[in-house]
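**Student:** Before we start, here is the structure in question, set down as structure tokens.
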Amino acid sequence: MLIAAGIGVSPWTVLGQGISKVLNLSIGKATFLISLFVLLCWIPLRQTPGIGTILNVIIIATVLDYSLIYLPSPEYFSSKLIQVIAGVLITGFGGAIYLIANLGPGPRDGLMTGLQELTDLPIAWVRSGIELSVILLGWILGGIFGIGTILFAIGIGPSVAANIYFLKIMLPKRQTRK
């Protein structure tokens, strides 16, 4: 939704857009390659993927390529802004679902936790450093940085947290048999 709005995208999508322009690939294929590269970075960090990790790579890349043609590209700034905010909220909901499932972190989350363990820096510093680095690299390569990027950066954390809270309330805990 952020891509279709055209006023900035998530930090990693800025990088994906830049790579897609340089390599003449679709945004989904560029994102898939980025995810594979990030997974290779897990090796020295001793991170362990799960089925959720692999599905994250495949589903995100596929959805990016096949949903864009169906999403509106609003003409007015106010409509673009609403679409960006909706995209952040939906992404937060999806993130909450995959985090609660506990089936393995996404490639970027595993990179973050692996680097945090290696450096012993606060997780917020590590995450911010990663996000700022991919924005800068993506922007240099031609990705779109804008208000949507800023809204995503400041909105995704609260959106994920609120949705985790909501899902924990709405989903009954599974009871184990004794």
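A short reminder: the numbers here are calculations on the coordinates, not readings from a lab. Keep in mind it's a predicted model, so treat the numbers as computed, not measured. Note that we place each Cβ from the backbone using ideal geometry, even for glycine, and neighbour counts take in every protein chain shown.
**Student:** Take every Cα pair under 8 Å in the chain that's 6+ residues apart, average their separations, divide by the length, and report that relative contact order as a whole percent. Please report the intermediate quantities before stating the final value.
**Tutor:** Numbers: 234 pairs, mean separation 75.0, N = 178.
RCO, the chain: 42 percent.
**Student:** Please order ASP65, ASP120 by the number of other Cβ within 10 Å, starting at the fewest.
**Tutor:** Values: ASP65 17, ASP120 7.
With the fewest neighbours first, ASP65, ASP120 line up as ASP120, ASP65.
**Student:** Ignoring everything except DSSP H segments at least 4 long, calculate the 222 nm mean residue ellipticity for the chain; use -39,500 (n - 2.57) per segment, divide by total residues, nearest 500.
**Tutor:** Working: 8 runs with 134 residues, N = 178.
Mean residue ellipticity at 222 nm (helix-derived): -25000 deg cm²/dmol.
**Student:** Related question: How do TRP125, TRP12, TRP139 line up, fewest other C-beta atoms within 10 Å first?
**Tutor:** Numbers: TRP125 12, TRP12 23, TRP139 18.
In order of increasing Cβ crowding within 10 Å: TRP125, TRP139, TRP12.
**Student:** Let me ask something else. When the dipole is taken about the Cα centre of the chain, and only Lys, Arg (+1) and Asp, Glu (-1) are charged at their Cβ, what size is it in debye, to the nearest 20? Show your work: numbers first, answer last.
**Tutor:** On the way: 11 positive and 6 negative charges, 131 e Å.
Dipole about the Cα centre, nearest 20: 620 debye.
**Student:** Could you pull out every whole DSSP H run in the chain that spans at least 20 Å of Cα extent along its own axis and averages 0.5 or higher on the Kyte-Doolittle scale? Working shown, then result.
**Tutor:** Numbers: long enough: 27-45 (27 Å, 2.02); 51-67 (23 Å, 1.73); 77-101 (36 Å, 1.63); 123-141 (27 Å, 1.64); 147-170 (33 Å, 1.61).
Span-like helices here: 27-45, 51-67, 77-101, 123-141, 147-170.
**Student:** Go ahead and set up a Gaussian network model of the chain, Cα springs under 10 Å, then flag whichever of ALA30, ALA61, ALA162 fluctuates most.
**Tutor:** Maximum among the listed residues: ALA162.
**Student:** Multiplying the sequence separation of THR48 and LEU68 by 0.36 nm and subtracting their Cα-Cα distance, what value in nm do you get?
**Tutor:** Values: separation 20, 0.36 × 20 = 7.20 nm, distance 3.14 nm.
Residue separation times 0.36 nm, minus the Cα-Cα distance, leaves 4.1 nm.
**Student:** Note down the nm distance, to one decimal, between modelled labels 7 Å out along Cα→Cβ at ILE97 and at ILE123.
**Tutor:** In this crude spin-label approximation the distance works out to 2.2 nm.
**Student:** Looking at LEU40, GLY114, LEU55, which one has the Cα that reaches farthest to the positive end of the dipole of the chain (charges on Cβ: Lys, Arg +1; Asp, Glu -1)?
**Tutor:** It is LEU55, whose Cα lies furthest towards the positive end.
**Student:** Using the 10 angstrom Cβ neighbour count as an exposure proxy, how do VAL134, VAL14 rank, fewest first? Show your work: numbers first, answer last.
**Tutor:** On the way: VAL134 22, VAL14 28.
So the residues, fewest neighbours to most, are VAL134, VAL14.
**Student:** What is the spin-label model distance, in nm, from LEU137 to TYR76 if the labels are put 7 Å beyond Cα along the C-beta direction?
**Tutor:** 4.0
**Student:** Moving on to the next point. Provide the gained length on full extension for the span LEU36 to LEU167, in nm with one decimal, where the gain is 0.36 nm per separating residue minus the Cα-Cα distance. Walk me through the intermediate numbers first.
**Tutor:** Working: separation 131, 0.36 × 131 = 47.16 nm, distance 2.97 nm.
Taking 0.36 nm per residue and subtracting the Cα distance, the gain is 44.2 nm.
**Student:** Determine the shape class of the chain: with a ≥ b ≥ c the square roots of the Cα gyration tensor eigenvalues, call it rounded for a/c under 1.5, and otherwise prolate if a/b is greater than b/c, oblate otherwise. Please list the in-between numbers first.
**Tutor:** Values: a/c = 1.64, a/b = 1.22, b/c = 1.35.
It is oblate, given that a/c is not under 1.5 and a/b is not larger than b/c.
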